[in-house]
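Trainee: Here it is: the structure, laid out below.
The values are calculated or read from the model by the stated rules, or taken from the named source; none is laboratory data. Please read all numbers here as calculations on a predicted model, not as lab measurements. Note that each Cβ is placed from the backbone with ideal geometry, even for glycine, and that neighbours are counted across all protein chains shown. The accessibility values were calculated without ligands, DNA or RNA, using every heavy atom of the protein model including side chains. Shrake-Rupley method; radii C 1.70, N 1.55, O 1.52, S 1.80 Å.
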Amino acid sequence: MTGSKLPRVPYLSAQNNLLQEKSVWHLADASAEIDYSDGAETERSLETILKNATDLSWRSADFSKDFEDWALNYHLSPVRANILRGLSLKPGGRVLEVGAGCGVITRFLGDSGFEIDAIEGSQSRAVLAALRCSGLTNVSIVRADFNKVTLPNEGYDVVLFIGVLEYARRFSPQFENSVEAVAHMLRRAARVLAPDGVIVVAIENRMGAKYLFGGAEDHLSRPWAGIAGYPRLGNEAGICTFDAKSWSSIVSSTGLQHSFFYPLPDYKMPAAVISQPGVNLDGAHSVTWRYPSVHRAENSIITSPMRVQTIALEDAGLLPETADSFGLVLTHESTDPKQFLPFGWIIFDDAESSSKGLKYLDPENGASWLVGPDRSVFEVSNSEPVSRFWLRTLVETNNLPAFAELVESHADQVISDLGGVPLESLQIREGGRIEEGMFLRPGISASNLISTKPEWLCKALEDFWLIGQPDLESLSCLQDCDDQDSFSRKTLSVMEAARINAGRKTTSAIYWAMGSEDFNEINKVSVDIDRLLTRHVTFLLPKTVLPKALIRFDPSDHEIERNSEQAKIETFALVGGKDEKHFDLIPAIREGRVEISPNLEVKCINKSVYLEISGSDPWMVLDLKTLGLPSDFDFCEIHVTITWE
């Protein structure tokens, strides 16, 4: 599709002598264009893609795919428009877009019915923006320097600075610092803004979490550049971003009001947004977990568990200071900026995954689909995503066996109680109960359920690696795991080893009671046994027991996983008295002078006694007063030699 001329005359033409060439307007007396580009090769690729596209609309499938090139994705992806989609902008309003780039947001505005003057300083980019907006009669592309254009008073309902103000000083060298350059541009924007209009700013946060933990600054590709305050390289390049406090100060100096919102993972490719009040609403930490930091530049130095550190900042209420990007809406004093942010948080719809998105207003109004005719309202839980809990636990303990035990116990819950809901849609309450999370509804159906435990574990571990990879790679317990497969294999092998070990472990116990007393947990002593290694067991009673007592022996004092098992008893003796006398109980057992539970069978072969255990509560009781113990025989130990077969 080739570009056609845009017939619309810019509103700027009333104050400026504009000429049109190749569908781009420019000042008749314009000086040299602004030199800003991603390179000639990238721009040639963009031109080819745009000319060959069958559909130039903002949501075109031609631009929804991954081009495997950051610059191409940035200039074409429909996701870029999400920075504005959640805002309440005047329908059909007049928009001044400063720094239109290659027209990706311009096209969204045009398709949405706005009247747009889109200023772009680079001639090559302006041509690409005009090509992207071919066929739209409500868009004008103007190649100009914003600072040199004569602007109409109160001429626009919306003014946009999307990814622009970080370069303010580069193109305004007359100012001593970036703060002055930004304030100057905002004052100019304020003069053209209608009384009830809004200025929208999107920019990186100098104190973003990814920068705090070693991520390379997006423009300079240097770790710590922004954190250090751009003392040299940023100053020389005319690049500067700001923290939240600085933004509040800058806006205040212009006489405007403002409110923040937070695009996730950043303003460049926002998959979700959270308003300033929305930070404290239910589900917010699930949204931030779903869309973590993305490093857009090379040379990052990440040596610590960044995701868990970011969780700590968010849980401490510091997301407004450490979000990787800021969105700001600025208004005149007579207009409340919050009216342009009618949401708590939004997860945007995604054509590729068929997700309809979610929009959460507040607890009273609940959450609803972002798109589509279904206006159903959902409650939102503030429980923690299970994968978030897993990562916090593993980073804290740095103990893979303990983590594997946790994951397996959760898998048992999910399969038995929830039918195999995927990990991404699970949340955990403070008490440890697993439940379906708010992300079940946007896309999880019966076809997504994983009904068998082995399959669920494999998929959950694969997904968990993708979610937590940077943090997992920093842990010593996983130092030999360098990819998804090795992590899954190692964790599953630890689980299998634990199951084998669990099959070897059991607990034997002795209870005692006097007269008509019932057996209880107070008069009890137990010993942990390894079925393969333990033979001789000594039960040390906390006090002496008289010879008229009832003695109960539980060879396996817990529920067994096996259908049945056998134990061979070679000795069973009471030990007590000053001389540590022994009284052998084997004869009484062989003679059947014992009471046994239904799931225990006693067999005597030669001189040995065999116990056949077929249930979860095996026991046998001996009444010592019927066994002829000496009247002065009081005992405090019971010795058993037992072999598990």
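Residues checked against (1) among the acidic types (D, E); (2) modelled with pLDDT under 95; (3) closer than 27 Å to V294 by Cβ:
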{"site": "I49", "(1), (2), (3)": "no, no, yes"}
{"site": "L89", "(1), (2), (3)": "no, no, yes"}
{"site": "L131", "(1), (2), (3)": "no, no, no"}
{"site": "D157", "(1), (2), (3)": "yes, no, no"}
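Trainee: Here's something else I'd like to know. For the stretch 461-473, give me each residue that is in contact (Cβ under 8 Å) with a residue 60 or more places away in the chain and of a type in the set (A, V, I, L, M, F, W, C).
Mentor: F464, I467, L472
Trainee: List every residue pair whose Cβ atoms sit under 7 Å apart, with the two residues 6 or more apart in sequence or on different chains, where the first one lies in the stretch 172-199 and is within 14 Å of E154 (Cα to Cα) and at pLDDT 95 or above and the second, anywhere, is open to solvent by 70 Å² or more (accessible area, probe 1.4 Å) and not in a helix (DSSP H, G or I).
Mentor: As it stands, the answer is R191/N153; V192/N153; V192/E154; L193/E154; A194/E154; P195/E154; P195/S334, since those pairs meet every condition given.
Trainee: Shifting gears a bit: Which of (1) closer than 19 Å to A272 by Cα; (2) in contact with a Lys or Arg (Cβ under 9 Å, 6 or more places away or on another chain); (3) in contact (Cβ under 8 Å) with a residue 40 or more places away in the chain does Y360 not meet, given it meets every other one?
Mentor: It is condition (2) that Y360 fails.
Residue-wise test of (1) of a type in the set (A, V, I, L, M); (2) under 26 Å from T106 (Cα atoms); (3) touching a strand residue (DSSP E or B) at 6+ places or on another chain (Cβ under 7 Å); (4) surrounded by fewer than 23 Cβ atoms within 10 Å (Cβ to Cβ).
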| residue | (1), (2), (3), (4) |
| --- | --- |
| S252 | no, no, no, yes |
| S259 | no, yes, yes, yes |
| L264 | yes, yes, yes, no |
| M269 | yes, yes, no, yes |
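Trainee: Any idea which of L574, L611 is under 23 Å from F633 (Cα atoms) and either at pLDDT 90 or above or in contact with a Cys (Cβ under 8 Å, 6 or more places away or on another chain) (or both)? Break it down into steps so the answer makes sense when it comes.
Mentor: Details: L611 fails: under 23 Å from F633 (Cα atoms).
When all the criteria are applied, what remains is L574.
A quick yes/no check of all residues on (1) open to solvent by less than 40 Å² (accessible area, probe 1.4 Å); (2) of a type in the set (V, I, T); (3) over 21 Å from S325 (Cβ atoms); (4) in a helix (DSSP H, G or I):
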| site | (1), (2), (3), (4) |
| --- | --- |
| V79 | no, yes, no, yes |
| S88 | no, no, no, no |
| I119 | yes, yes, yes, no |
| V127 | no, yes, yes, yes |
| S134 | yes, no, yes, no |
| I141 | yes, yes, yes, no |
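Trainee: Additional query: How many residues does the stretch 62-77 hold that are surrounded by fewer than 20 Cβ atoms within 10 Å (Cβ to Cβ) and part of a helix (DSSP H, G or I)?
Mentor: 6
Trainee: Being open to solvent by 10 Å² or more (accessible area, probe 1.4 Å), farther than 22 Å from S381 by Cα and acidic (D, E) is the requirement here; does D315 meet it?
Mentor: no
Trainee: Could you please let me know if D55 is in a loop (DSSP other than H, G, I, E, B), in contact with an Asp or Glu (Cβ under 6 Å, 6 or more places away or on another chain), of a type outside the set (F, W, Y) and surrounded by fewer than 16 Cβ atoms within 10 Å (Cβ to Cβ)? Before the answer, list the steps.
Mentor: On the way: in a loop (DSSP other than H, G, I, E, B): yes; in contact with an Asp or Glu (Cβ under 6 Å, 6 or more places away or on another chain): yes; of a type outside the set (F, W, Y): yes; surrounded by fewer than 16 Cβ atoms within 10 Å (Cβ to Cβ): yes.
Spelling it out, D55 is indeed in a loop (DSSP other than H, G, I, E, B), in contact with an Asp or Glu (Cβ under 6 Å, 6 or more places away or on another chain), of a type outside the set (F, W, Y) and surrounded by fewer than 16 Cβ atoms within 10 Å (Cβ to Cβ).
Trainee: I want to confirm something. Restricting to the stretch 33-52 and keeping residues that are open to solvent by 50 Å² or more (accessible area, probe 1.4 Å) and among the polar types (S, T, N, Q), which single residue is farthest from D145 (Cα to Cα)?
Mentor: N52
Trainee: Output the residue which, of all residues in the stretch 372-412 that are polar (S, T, N, Q) and out of contact with any Asp or Glu (no Cβ under 8 Å at 6 or more places or on another chain), is modelled with the lowest pLDDT.
Mentor: First pass over the stretch 372-412, keeping only residues polar (S, T, N, Q): 376, 381-383, 387, 393, 397-399, 409.
Next, from what is left, pick out any that are out of contact with any Asp or Glu (no Cβ under 8 Å at 6 or more places or on another chain): 376, 393, 397-399, 409.
On the way: S376: 80, T393: 96, T397: 96, N398: 96, N399: 96, S409: 94.
Applying the filter and picking the extreme gives S376.
Trainee: In the stretch 46-66, how many are free of Cβ contacts under 8 Å to residues at least 40 places away in the same chain and under 25 Å from the mean Cα position of the chain (by Cα)?
Mentor: Going through the stretch 46-66 one residue at a time, the tally reaches 2.
Trainee: Cβ-Cβ below 7 Å, separation at least six or inter-chain, first residue in the stretch 241-253 and closer than 17 Å to G327 by Cβ and modelled with pLDDT of 95 or more, second among the β-branched types (V, I, T) and not in a helix (DSSP H, G or I): which pairs?
Mentor: T241/I203
Trainee: Out of curiosity, is S488 of a type in the set (S, T, N, Q), modelled with pLDDT under 90 and open to solvent by less than 50 Å² (accessible area, probe 1.4 Å)?
Mentor: It is false that S488 is of a type in the set (S, T, N, Q), modelled with pLDDT under 90 and open to solvent by less than 50 Å² (accessible area, probe 1.4 Å).
Trainee: Sort out which residues of the stretch 451-485 are surrounded by 13 or more Cβ atoms within 10 Å (Cβ to Cβ) and at pLDDT below 90, and write them in order of number.
Mentor: Passing the criteria: only P470.
Trainee: Pairs needed: first member in the stretch 497-510, open to solvent by 50 Å² or more (accessible area, probe 1.4 Å); second member anywhere, in a strand (DSSP E or B); C-beta distance under 6 Å; at least 6 residues apart or different chains.
Mentor: These pairs meet every condition: R504/D530.
Trainee: Checking the condition touching a strand residue (DSSP E or B) at 6+ places or on another chain (Cβ under 8 Å) and over 30 Å from A567 (Cβ atoms), which residue from E462, E430, E455, E436 passes?
Mentor: The conditions single out E436.
Trainee: What number of residues in the stretch 601-640 are open to solvent by 10 Å² or more (accessible area, probe 1.4 Å), assigned to a strand (DSSP E or B) and either in contact with a Gly (Cβ under 9 Å, 6 or more places away or on another chain) or in contact (Cβ under 8 Å) with a residue 12 or more places away in the chain (or both)?
Mentor: 11
Trainee: For the stretch 231-238, indicate whether the set of residues that are of a type in the set (A, V, I, L, M) and at pLDDT below 95 is non-empty. Let's see the steps before the verdict.
Mentor: The initial filter retains those residues of the stretch 231-238 that are of a type in the set (A, V, I, L, M), namely 233, 237.
With at pLDDT below 95 added as a condition, the list becomes 233, 237.
Yes, the conditions are met somewhere in the stretch 231-238.
Trainee: Please go through the stretch 90-104 and give me each residue that is free of Cβ contacts under 8 Å to residues at least 60 places away in the same chain and either touching a strand residue (DSSP E or B) at 6+ places or on another chain (Cβ under 6 Å) or surrounded by fewer than 19 Cβ atoms within 10 Å (Cβ to Cβ) (or both), ordered by number. Even if it seems obvious, please write down each step before you answer.
Mentor: Step one: of the stretch 90-104, the residues free of Cβ contacts under 8 Å to residues at least 60 places away in the same chain are 91-92, 100, 102-104.
Selection gives P91, G92, A100.
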